[in-house]
Every structure is written in C-alpha cells, then in structure tokens.
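Scroll down for the structure; my scribbles are underneath it.
The values are calculated or read from the model by the stated rules, or taken from the named source; none is laboratory data. Here the structure is a predicted model, which is why all the values come from computation and not from measurement. Positions of Cβ are backbone-derived with ideal geometry, glycine not excepted, and every protein chain shown enters the neighbour counts. The accessibility values were calculated without ligands, DNA or RNA, using every heavy atom of the protein model including side chains. Shrake-Rupley method; radii C 1.70, N 1.55, O 1.52, S 1.80 Å.
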Amino acid sequence: MMANGVLYSSTLKLSFDTGMNEKGEAVLKRKSYTNIKTQSAAAELFSAAKLIASLQVYPLQEVVREDAASLHE
C-alpha cells in the first residue's frame with residue numbers, strides 16, 4: 001500500500017522581535033499570510049519575507065512556511 005499526498009494550501013508566517021518582557025523573555029509579534037501558491041520555491045518565499053520585513057518597524061526573527069496536504073492511497 002502506497003500513500004500519496006496532494007498539497008492544497010501554504011501559509012507564510014513571519015515572526016518579529018519586539019524586545020524583552022519584564023522577565024527577560026523575548027517577545028515576538030507574528031504575521032501570517034495565507035493563500036500562498038503551493039508551487040512557490042523556498043527562495044521566492046524568503047525573498048518576499050525579506051521585502052515585507054523591510055516595511056516593518058521590528059526586525060525579522062523567523063520565517064516559516066506551513067503546508068497542508070491531503071493524504072490518500
């Protein structure tokens with residue numbers, strides 16, 4: 001039995017470093033962008049993330065791509 005997956009959605013998540021709280025822990029602000037083309041390459045998404053980050057007040061901390069797929073036989 002062999003399973004196949006069909007990618008049906010992607011989300012680009014950016015985390016920005018907004019500083020430290022009173023306990024000395026990092027505080028992050030996150031932004032999510034849905035309806036990302038599933039065939040987009042990692043380099044394209046990272047480039048887009050850097051462009052978006054250049055418009056923000058806080059420095060970019062992390063870029064995450066989250067994919068959802070349907071699995072079937």
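Summary table below
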item: Search result, residues across segment 22-56 that are hydrophobic (A, V, I, L, M, F, W, C) and in contact with a strand residue (DSSP E or B) (Cβ under 8 Å, 6 or more places away or on another chain); result: Ala26, Val27, Leu28, Ile36, Ala42, Leu45, Phe46, Ala48, Ala49, Ile52, Ala53
item: Scan of segment 1-11 for residues that are assigned to a strand (DSSP E or B) and modelled with pLDDT under 95, ordered by number; result: Asn4, Gly5, Val6, Leu7, Tyr8
item: Given (1) open to solvent by 100 Å² or more (accessible area, probe 1.4 Å); (2) at pLDDT below 95, index of the condition Leu51 fails; result: (2)
item: Top-ranked residue in segment 57-73 [being more than 12 Å from the chain's Cα centre (by Cα) and open to solvent by 60 Å² or more (accessible area, probe 1.4 Å); ranked as nearest to Thr18 (Cα to Cα)]; result: Tyr58
item: Residues of segment 3-56 satisfying the condition of being farther than 18 Å from Ala69 by Cα, among the basic types (Lys, Arg) and within 13 Å of the chain's Cα centre (by Cα); result: Lys29, Arg30, Lys31, Lys50
item: Residue in segment 12-61 that is farthest from His72 (Cα to Cα), counting only those that are in contact with a Phe, Trp or Tyr (Cβ under 7 Å, 6 or more places away or on another chain) and assigned to a strand (DSSP E or B); result: Thr18
